[in-house]
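Notes follow once the structure below has been shown.
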């Protein structure tokens, strides 16, 4: 009889697809996905260490699993991902009820580590082996899913001063294009209509390995029958080249949205962050993108309270938000990560000052998000269905090409992953509409 695994994922989309791949790997040792923690035989936390808040959530979850494990003999606790890579033995010492600690380069070994744990043999595997054999395993995908994430590379060579990723994910490694294209074809054969290409810096795909360049990879994926939408993230502004920008005018399947994280609008802070571009150079990428794909939407990441950030620096961030007018953004207070250059910089910003700045930034972004959503009211838009609406089980939920969430009332007679929806109203973060007749 198969055993059950419950995976809780923290952090980015890369972790989400890694978790899906772990589910597939564990099928080889007779584990199937559990619908709840209570019924699971194995709990796996796939962790993040990008910010201190994520660390705190994970440590809290680990504390709760001590009681869960003791409630039934034979239960196993595993911790993978970036925090596991960073902490290793220290994590096992602080949480002795953890049976398996495995890092970001040890995913393929998970079935063997679970077998060892079933024999009450704990394991800590965090070596930077460069092992990418887990890429050969297709991530678990629920039946009927129309969208899927596809890893094209891992690691990062940029070493931004605040970022822990190169230290926990390792140096940049690109996946062979033949493997990527094969996975996309298999997904298309299963009815997947949208693929999301993932990497810490997708624009540098293949450069070290002599692979086809990223624009050519996009062209080849666009030629695969059944693939109607292509997204990619994350694009690094310094490596976003004119050829890739031009593809937004060439490839219809490329979605009308780009996540292009600027982090700060101040040249002084961008330099201290080690981002490799100026405010002017960033904006010089935005304008041609808008010419190539009129109506394209942008999203970004922002860090406020970076060491040494003055009010003038922060005002520069607000001003670039006013200029670009992002559809949405992910914003955070600076969180010093052990081992990074920024953690040693002078000029720490008081917590209350950083909190006020974050509130101002998020309030401005909320206004811009509402503005961008309101502009969609009265239009008919094509929606890729993602499932039932969380707020009304009688409605469906999906996304536009420009990544806006739409909840809508469906026509039950229609089938397929795409629907034409007339947008009736805009909320704070999503749209509402009805399928079919534009007057509802």
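The values are calculated or read from the model by the stated rules, or taken from the named source; none is laboratory data. Being a predicted model, the structure only gives us computed values, none of them experimental. Don't worry about glycine lacking a Cβ; one is built from the backbone with ideal geometry, like all the others, and counts go over all protein chains shown.
For residue 402, are the conditions met, namely being buried (at least 18 other Cβ atoms within 10 Å of the Cβ), assigned to a loop (DSSP other than H, G, I, E, B) and under 26 Å from the mean Cα position of the chain (by Cα)?
For residue 402, the condition - buried (at least 18 other Cβ atoms within 10 Å of the Cβ), assigned to a loop (DSSP other than H, G, I, E, B) and under 26 Å from the mean Cα position of the chain (by Cα) - is met.
Of the residues screened, residue 411 is not one that is part of a strand (DSSP E or B) and more than 26 Å from the chain's Cα centre (by Cα).
Please work out which residue is modelled with the highest pLDDT, limiting yourself to the range 412-440 and to residues that are farther than 27 Å from residue 299 by Cβ and exposed (fewer than 12 other Cβ atoms within 10 Å of the Cβ). Checked the range 412-440; the qualifying residue modelled with the highest pLDDT is 416. Considering (1) closer than 28 Å to residue 166 by Cβ; (2) free of Cβ contacts under 8 Å to residues at least 60 places away in the same chain, the lone condition that residue 352 does not fulfil carries the number (1).
One line per residue, one yes/no per condition, for (1) modelled with pLDDT under 95; (2) surrounded by fewer than 22 Cβ atoms within 10 Å (Cβ to Cβ); (3) more than 21 Å from residue 150 (Cα to Cα):
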{"residue": "5", "(1), (2), (3)": "no, no, yes"}
{"residue": "12", "(1), (2), (3)": "yes, yes, no"}
{"residue": "30", "(1), (2), (3)": "no, yes, yes"}
{"residue": "44", "(1), (2), (3)": "no, no, yes"}
{"residue": "56", "(1), (2), (3)": "yes, yes, yes"}
{"residue": "85", "(1), (2), (3)": "yes, no, yes"}
{"residue": "91", "(1), (2), (3)": "yes, yes, yes"}
{"residue": "115", "(1), (2), (3)": "no, yes, yes"}
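With the condition kept exactly as written, say whether any residue in the range 7-24 is over 20 Å from the mean Cα position of the chain (by Cα), in the same structural domain as residue 88 (by TED's automatic domain parsing) and under 25 Å from residue 135 (Cβ atoms).
The answer is no; no qualifying residue exists.
Exactly one residue among 288, 336 is more than 17 Å from residue 237 (Cα to Cα) and surrounded by fewer than 20 Cβ atoms within 10 Å (Cβ to Cβ), and that residue is 336. Look at residue 101 and say whether it is over 29 Å from residue 264 (Cβ atoms), surrounded by 18 or more Cβ atoms within 10 Å (Cβ to Cβ) and not assigned by TED's automatic domain parsing to the domain that holds residue 236. The answer is yes for residue 101.
Out of 226, 265, one residue alone is assigned to a loop (DSSP other than H, G, I, E, B), touching a residue at least 24 places away in the same chain (Cβ under 8 Å) and crowded, with 20+ Cβ neighbours inside 10 Å. It is 265. All of 366, 327 fail the test of being assigned by TED's automatic domain parsing to the domain that holds residue 307 and loosely packed, with under 15 Cβ neighbours inside 10 Å, apart from 366.
Inspection of the range 168-175 finds a residue satisfying the criterion of being in the same structural domain as residue 196 (by TED's automatic domain parsing) and under 16 Å from residue 13 (Cα atoms). For the range 1-49, a tally of residues being under 14 Å from residue 104 (Cα atoms) and in a loop (DSSP other than H, G, I, E, B) returns 5.
Against the list (1) buried (at least 19 other Cβ atoms within 10 Å of the Cβ); (2) closer than 18 Å to residue 140 by Cα, the condition residue 62 fails is (2).
Considering (1) in a loop (DSSP other than H, G, I, E, B); (2) touching a residue at least 40 places away in the same chain (Cβ under 8 Å); (3) under 30 Å from residue 432 (Cα atoms), the lone condition that residue 294 does not fulfil carries the number (2).
Going residue by residue through the range 379-388, is there one that turns out to be without any contact (Cβ under 8 Å) to a residue 24 or more places away in the chain, over 30 Å from residue 271 (Cβ atoms) and either surrounded by 16 or more Cβ atoms within 10 Å (Cβ to Cβ) or within 23 Å of the chain's Cα centre (by Cα) (or both)? Yes. Within the range 170-192, the residues that satisfy the criterion of being touching a helix residue (DSSP H, G or I) at 6+ places or on another chain (Cβ under 9 Å) and either crowded, with 22+ Cβ neighbours inside 10 Å or farther than 13 Å from residue 128 by Cα (or both) are 174, 175, 176, 177, 179, 180, 181, 183, 184, 192.
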